[in-house]
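The values are calculated or read from the model by the stated rules, or taken from the named source; none is laboratory data. Everything numeric here is computed off the predicted structure, so don't read it as measured data. For neighbour counting, all protein chains shown are included, and Cβ atoms are generated from backbone atoms with ideal geometry for every residue, glycine included.
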Amino acid sequence: MRRLVASILVLAILAPMPAMAHDGPVIAAARKINFPKLPDGRSVLAVDLHTHSVFSDGSVWPDVRVEEAKRDGLFALAVSEHLEYQPKAADIPHKDRNRSFEIANEAAKVKPDATGANKEPLIVINGSEITKLTVQPGHMNAVFITDANALLPKPGLSPADAAREQLKTANAQGGFTFWNHPYWTSQTPNGIATLDPVHAGYIKQGLLHGIEVANGADMSDEAFQMALDNNLTILGTSDIHGLIDWDYDLAGGQHRTATLVLTASETTDGLKAALRAGHTVAVYNDNLIGKPENVEAVVRSTLRLEVEDPLPKTTVQAVSVINDSPVDYIIENSGPEGAYDEGHVFTVKAGSAFTLLIKNVPDPSKLSLTFKVLNTYIAPRQHLTVQLNDVTP
């Protein structure tokens, strides 16, 4: 989360160029967070709205953030440097707080000679992290802003009042704002996110639109409940400071913590509108976290049944459970139908099928199965349940 890896720069600062070895084809495919479109035509776009470079407390040049994002199949990336915390200023002096965005935005342009992941388009979003040392108001991100310099705090104000003015400025620029890691133990020693009067006021005034329920390696039930109770957009972010490859088992199929945005338009405006509307699902450790309707939309677009042939001279019916998503689904067969060859819990690997033999199915045309998807959350400790029927014509 806010872990700082060694304070060495992974890339040479004065001559930035790609320095990571190319992924092999298996890793390259497994690390991408690519979901199919929903049946209603909306796209499911992976974004990461909280990352850092050497222009605040990160360890890489901004173009590395871009290459990682392209390798991960992201649609959009925000390099959101700390406004008030600039530990590398002696080595990388700069007065323009938009500079990180400008470098990343230029790096994201697809060059005529681009190869591999660099051929993929990527939207780079201008963002900044409002950084207060106390839990009131703590850290908050403002993304889709037009000028980060205008968000620098006004002198003479308390942290809460200064942050309120910064949020007002971000909103005036058309920004989308959210509360970062409200359960971070450096500011909340018990690890429990609590809605204090300061943030409640920001929400009531329409200045704060979302909240991180997952950040890097951490997740918070309390932040999730706050999102549901206050109609805040549910977000997952990497908050990456070092390399994505250092923090995630990409070879093992793990994905960075990110947000799926369900949008009717694959544009910057479409992305921002869907975020404002709360049409999101957080991806954390390959769990899907969000409001019930959003999680169900994603699952139903990627999980399906195909009824196969029965075992000869029996009513034991073969059924294929097909997973079209990039994450494994951990499934509990929670209906009355029993499996002949499996326990009640099984895993359908990403992009694959799993065959069950269901007992006592006199009429396969009427078969439906009820599944609880155990790596989904529609409320704290509450999993999505779906009933699936045969989809074959």
Does at least one position in segment 96-117 carry a residue that is crowded, with 17+ Cβ neighbours inside 10 Å and without any contact (Cβ under 8 Å) to a residue 40 or more places away in the chain? yes
Going through segment 211-228 one residue at a time, which ones are touching a Leu at 6+ places or on another chain (Cβ under 8 Å) and either surrounded by fewer than 24 Cβ atoms within 10 Å (Cβ to Cβ) or at pLDDT below 95 (or both)? MET226
Can you pull out the strands (runs of 3 or more DSSP E) entirely within segment 246-347 that have at least 3 residues that are farther than 16 Å from ASP40 by Cβ and not acidic (Asp, Glu)? 280-284, 287-290, 303-310, 317-323, 329-333
Kindly establish whether SER53 is in contact (Cβ under 8 Å) with a residue 12 or more places away in the chain and under 19 Å from PHE176 (Cα atoms). no
Just give me the residues in segment 186-209 being out of contact with any helix residue (DSSP H, G or I) (no Cβ under 7 Å at 6 or more places or on another chain) and closer than 19 Å to THR51 by Cα, in sequence order. SER186
Quick one: what pairs do we get from segment 159-171, first residue at negative phi, second surrounded by fewer than 19 Cβ atoms within 10 Å (Cβ to Cβ) and among the hydroxyl-bearing types (Ser, Thr, Tyr), C-beta under 8 Å, 6+ apart or different chains? PRO159/THR134
Looking for whichever is out of contact with any Cys (no Cβ under 9 Å at 6 or more places or on another chain), charged (D, E, K, R) and assigned to a loop (DSSP other than H, G, I, E, B) here; the options are ASP48, ASP57. Which one fits? ASP57
Across segment 56-84, the tally of residues that are in contact with a His (Cβ under 7 Å, 6 or more places away or on another chain), of a type outside the set (D, E, K, R) and surrounded by fewer than 24 Cβ atoms within 10 Å (Cβ to Cβ) stands at 1
Name the single residue that is farthest from GLU81 (Cα to Cα) among those in segment 229-256 being crowded, with 24+ Cβ neighbours inside 10 Å and among the charged types (D, E, K, R). ARG256
Look through segment 267-284, keep the residues that are closer than 13 Å to VAL295 by Cα and small (Gly, Ala, Ser), and return whichever of them is nearest to the chain's Cα centre (by Cα). ALA282
Residue hits (segment 118-158; among the polar types (S, T, N, Q) and either free of Cβ contacts under 8 Å to residues at least 24 places away in the same chain or in contact with a Lys or Arg (Cβ under 7 Å, 6 or more places away or on another chain) (or both)) are ASN118, SER128, ASN149, SER158
Taking the criterion of being crowded, with 16+ Cβ neighbours inside 10 Å, touching a residue at least 60 places away in the same chain (Cβ under 8 Å), of a type in the set (Gly, Ala, Ser) and over 25 Å from ALA251 (Cα atoms), would at least one residue in segment 318-340 satisfy it? no
Matching residues, segment 172-182, being surrounded by fewer than 15 Cβ atoms within 10 Å (Cβ to Cβ) and in contact (Cβ under 8 Å) with a residue 12 or more places away in the chain: GLY174
